1. Kindly indicate the residue of the range 1-39 that is assigned to a helix (DSSP H, G or I) and among the polar types (S, T, N, Q) and also farthest from Arg53 (Cα to Cα) among those meeting that condition.
2. I'd like to know if the range 54-70 contains one or more residues that are outside any loop (DSSP other than H, G, I, E, B), under 30 Å from Thr22 (Cα atoms) and either at pLDDT 75 or above or not small (Gly, Ala, Ser) (or both).
3. Within the range 1-26, count every residue that is among the hydrophobic types (A, V, I, L, M, F, W, C) and either at pLDDT 85 or above or open to solvent by 90 Å² or more (accessible area, probe 1.4 Å) (or both).
4. List, please: which pairs have Cβ atoms under 8 Å, are six or more places apart or on different chains, and start with a residue in the range 1-27 that is touching a residue at least 24 places away in the same chain (Cβ under 8 Å) and end with one that is in a strand (DSSP E or B)?
Amino acid sequence: MLKHFLGGAEPKPPDFVAKLHTELQSSSTELSKEINESMAGLSDVELSDFFFRIVIADCSLRINELEAAVASRLKSVPQSSAQTSVSDLKAGG
């Protein structure tokens, strides 16, 4: 079900909201119970509107972006220490 919330995902199937709501109602976690209580007063249109506005943005870094991300946080560290830290990260240490 979560794949339908990703940015650029295929259109949601017509029964998406009903299936998602049923799945949420069958969950026994405390968070799901709180969400169900909050949504109890929503009409079908409001519930549909709510679910169709959710988008999960994949913001995780790619492997080729890691070195630049680490380097940007090490600017106040002397260059020799920064290189050692980056090398340690690459080596898994």
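The values are calculated or read from the model by the stated rules, or taken from the named source; none is laboratory data. Note that the coordinates shown come from a computational prediction; the quantities given were computed from them, not determined experimentally. A quick note on method: Cβ atoms are made from the backbone with ideal geometry, for glycine too, and the neighbour counts reach across all protein chains shown. Accessible surface areas use protein heavy atoms only, side chains included; no ligands, DNA or RNA. Shrake-Rupley method; radii C 1.70, N 1.55, O 1.52, S 1.80 Å.
1. Initial filter on the range 1-39 (assigned to a helix (DSSP H, G or I)): 2-5, 16-26, 30-39.
Now restrict to residues that are among the polar types (S, T, N, Q): 22, 25-26, 32, 36, 38.
Numbers: Thr22: 18, Gln25: 20, Ser26: 22, Ser32: 19, Asn36: 17, Ser38: 17 Å.
Step by step, filter the range 1-39, then rank; the result is Ser26.
2. Residues of the range 54-70 that are outside any loop (DSSP other than H, G, I, E, B), as a first pass: 56, 63-70.
Among the residues that remain, those that are also under 30 Å from Thr22 (Cα atoms) are: 56.
Narrowing the set further to residues that are either at pLDDT 75 or above or not small (Gly, Ala, Ser) (or both) leaves 56.
Yes, there is a match, as at least one residue in the range 54-70 is outside any loop (DSSP other than H, G, I, E, B), under 30 Å from Thr22 (Cα atoms) and either at pLDDT 75 or above or not small (Gly, Ala, Ser) (or both).
3. Let us first name the residues in the range 1-26 that are among the hydrophobic types (A, V, I, L, M, F, W, C), namely 1-2, 5-6, 9, 16-18, 20, 24.
Narrowing the set further to residues that are either at pLDDT 85 or above or open to solvent by 90 Å² or more (accessible area, probe 1.4 Å) (or both) leaves 2, 16-18, 20, 24.
Total meeting the criteria: 6.
4. Qualifying pairs under 8 Å: Leu2/Ile56; Phe5/Ile56; Leu6/Ile56; Gly7/Ile56.
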